[in-house]
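Values quoted throughout were computed directly from the atomic coordinates according to the rules given, and no laboratory measurement underlies them. Keep in mind it's a predicted model, so treat the numbers as computed, not measured. Ideal geometry is used to build each Cβ from the backbone, glycine not excepted, and the neighbour counts take in all protein chains shown.
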Amino acid sequence: MENYFKPETICIQGGYEPKKGEPRILPIYQSTTFRYENSDEMGKLFDLEAEGYFYSRLQNPTCDMVAKKICQLEGGTAALLTASGQAANFYAVFNIASAGDHIVSSATLYGGTSNLFTVTMKKMGIEFTLVDPDAPEEEIEKAFRPNTKAVFGETISNPSLVVLDIEKFARLAHRHGVPLIVDNTFATPINCRPFEWGADIVTHSTTKYMDGHAMTVGGCIVDSGNFDWMAHADKFPGLTTPDDSYHGLVYAEEFGKTAYVQKAVAQIMRDLGSCQSPQNAFLLNMGLETLHLRMERHCSNALAVARYLKSNENVAWVEYPDLEGDKYNGLAKKYMPKGTCGVVAFGLKGGRETSIRFIDNLKLAAIVTHVADSRTSVLHPASHTHRQLCEEQLIEAGVKPDLIRFSVGTENEEDIIADIEQAIAAAVR
Ligand SMILES: Cc1ncc(COP(=O)(O)O)c(C=O)c1O
C-alpha cells in the first residue's frame with residue numbers, strides 16, 4: 001500500500017494486500033517452516049542472498065504483514081514484531097550497543113524499561129545515564145560521552161505523562177552522531193509520528209492501544225531509514241563492518257535504509273528468539289483496524305475525566321497533557337494536536353492511603369496491571385509497576401507516591417465519571 005493513504009485507511013487496509021482469489025482477511029500462517037525445491041534455494045536464504053521465509057523464529061508472513069502496517073502508520077522503511085514491548089526496547093538498543101557502550105535516556109520511563117536499562121542491561125556492560133527530559137539542552141548535553149550510542153525517550157511517559165520534546169532530543173542525538181529511539185506506545189502513530197520530528201527509530205508495546213483489547217502481549221520496532229550509519233561508521237561497527245556469522249556481509253552496505261531492522265532480525269531475533277506468534281499478530285491486526293476510532297474516544301473521554309477531576313475539591317492534583325493549563329499542554333499541542341492518550345494521572349487530598357482507598361472502591365474501573373485498552377482500569381504505580389524503585393528513583397521517574405494511574409477506556413464518559421465520583425466519596429469519608 002502506497003504511503004499516500006491516510007492513517008485511517010492504513011489501519012484497516014495496510015500491510016496486507018490480497019491478490020485475485022486470495023482471502024480478504026489477513027491469513028494466519030500457523031507454520032514454523034516453509035518448503036523449498038532444492039538445497040541451493042534454502043542455502044541462499046541462510047546467506048541472506050535471497051528473500052523468503054524459512055523459519056518463523058526469524059520471519060513469518062502474518063507477523064511481517066502486521067509489522068508492515070505499523071511501519072506504514074509510522075512512515076518508516078522497515079519494521080519487525082517482537083514478543084513484547086520489553087523485547088522491542090531491549091532489541092532496539094542492543095542492536096547498536098554492546099558491553100562498554102553508553103546510552104542517554106530520559107529518566108521518565110515505564111518501570112519495566114527503567115529496570116531493563118539500569119539493572120539488566122547494566123549487568124551486560126551497557127551503561128545508561130538518565131536525564132531530566134525538561135532540562136535545558138546544555139544541561140542534557142553534559143550526559144554524552146565518546147562511547148554514547150543512542151538517545152532514548154518515551155513520547156508520553158508511563159505513568160508520569162511527561163511529553164518528550166522530540167525535536168530537542170533529536171537535535172542532541174544528531175549533534176553527537178547517534179540515533180534517537182522513541183517509545184511511541186502511549187501516543188500511537190494516530191496521535192504522533194515521531195519520525196516527522198527527527199526521531200530515527202520508534203518502538204511500541206503493542207500490548208497497549210494497538211492491540212486495544214488486552215488480549216495479546218507484543219512489541220514492534222520501526223526504522224525511519226533516515227540515520228546514516230556509514231557517516232558514523234566508527235560508532236556502529238555492527239552495521240558497518242563485516243558480520244562473521246553471515247560470511248562477512250556488511251548490513252549498511254547490503255541493505256541501506258532497512259539495514260537496522262535486517263540486522264535486528266538476522267542477528268538478534270535469530271539468537272535471542274523473542275518473536276511474536278502469528279496468532280497474536282492476527283489479533284493485534286484486529287486491534288489495529290480500529291485504532292484510529294478508539295484513540296479518538298480514549299482522548300475525548302480522558303479529557304472529560306481530567307476536567308471533572310480538576311473540578312473535584314477532594315482531588316489534590318491532576319496531570320493530563322490535553323488539559324488546559326497542564327505543564328505539558330504546549331508540547332502536547334505541538335506534537336499531538338489531535339490528542340495525546342487515554343491515561344490520566346492524579347492524586348487525592350489525604351495522600352497515598354486515600355489514593356489506595358479510592359482504587360479499592362472503584363466498581364467499573366478494574367485494578368489491573370495494564371493500561372491503554374478499551375476497558376477503564378486503574379493502578380497505583382508506587383505499589384505496583386514501580387514498586388522495585390526506591391523513593392528517590394520514584395521521584396526521578398516522575399512517579400509521586402500518591403499517583404493514581406487512571407486508564408480511561410472507551411465506555412460511556414458519564415458512567416466512568418460516576419464511578420470516579422462514588423469512589424472518591426467513599427475514599428475521603
Ligand atoms: C511505554 C511502555 N513501553 C514498554 C512497555 C513494555 O511493554 P510489554 O508489557 O508489552 O512488554 C510498557 C508496558 O507497560 C510501556 O508502557
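Where only DSSP H runs of four or more residues are counted, the chain gives -9500 deg cm²/dmol as its mean residue ellipticity at 222 nm, each run worth -39500 (n - 2.57). The charge dipole of the stretch 332-401, taken about the Cα centre with unit charges on the Cβ atoms of Lys, Arg (+1) and Asp, Glu (-1), comes to about 380 debye, rounded to the nearest 20.
Over all pairs of different C-alpha atoms, the chain has a mean inverse distance whose reciprocal, the Kirkwood radius, equals 22.2 Å.
Over 23 Å apart at the Cα level, from the set LYS168/LYS400; LYS122/LYS334; LYS149/LYS400; LYS168/LYS334, are LYS168/LYS400; LYS122/LYS334; LYS149/LYS400.
Of all DSSP beta bridges confined to the chain, the antiparallel ones make up roughly 55%.
Ranking of LEU291, LEU249 by neighbouring Cβ atoms within 10 Å, starting from the fewest: LEU249, LEU291. Taking only Cα atoms and a 10 Å spring cutoff, compute GNM fluctuations for the chain and point out the largest among HIS176, HIS370, HIS247. Of the options given, HIS247 has the highest mean-square fluctuation. Taking θ as phi - 60° and the Karplus parameters 6.51, -1.76 and 1.60, the scalar couplings of the stretch 246-263 work out to 10, 6, x, 5, 10, 4, 5, 6, 6, 10, x, 6, 10, 4, 4, 6, 4, 5 Hz in sequence order, x denoting glycine and proline. Binning the alpha carbon pair distances of the stretch 371-429 at 10 angstrom intervals from zero yields the distribution 21, 40, 31, 8, expressed in whole percent.
When the alpha-carbon atoms of the stretch 230-306 are used, the pair Rg, Dmax equals 19.7, 58 angstrom. Within a straight-line Cα-Cα reach of under 22 Å, LYS69 can be paired with the following lysines, leaving aside sequence neighbours fewer than 8 residues apart in one chain: LYS6, LYS19, LYS20, LYS208, LYS257, LYS263, LYS338. For the stretch 1-113, the fraction of C-alpha pairs farther apart than 21 angstrom is 56 percent. Projecting label points 7 angstrom from Cα along Cα→Cβ for GLU353 and ASN38 puts them 8.0 nm apart.
Counting every alpha-carbon pair across the stretch 60-219, the share separated by more than 18 Å comes to 56%.
Just checking the listed ones, LEU80, LEU323, LEU109: in the Gaussian network model of the chain with Cα springs under 10 Å, the one fluctuating most is LEU323. Spin-label model, MET215/GLN422: points 7 Å from Cα along the beta carbon direction are separated by 3.0 nm. The GNM of the chain, with springs linking C-alpha atoms under 10 angstrom apart, assigns the highest mean-square fluctuation among ALA345, ALA87, ALA366 to ALA366.
A simple spin-label model places pseudo-atoms 7 Å from Cα toward Cβ; at LYS123 and CYS390 they are separated by 1.9 nm. Can you tell me the 0 to 90 degree angle between the C-alpha axis of helix 278-288 and the longest principal axis of the chain, rounded to 10? Helix 278-288 sits at roughly 50 degrees to that axis. The ratio of the alpha-carbon radius of gyration of the stretch 125-263 to the globular-protein estimate 2.2 N^0.38 Å is 1.12. Each distinct pair of alpha carbons in the stretch 291-429 adds a 1/r term; the inverse of their mean, the Kirkwood radius, is 15.1 Å. Here the extension length gained between GLU167 and ALA99 equals 21.6 nm, from 0.36 nm per residue of separation less the Cα-Cα distance.
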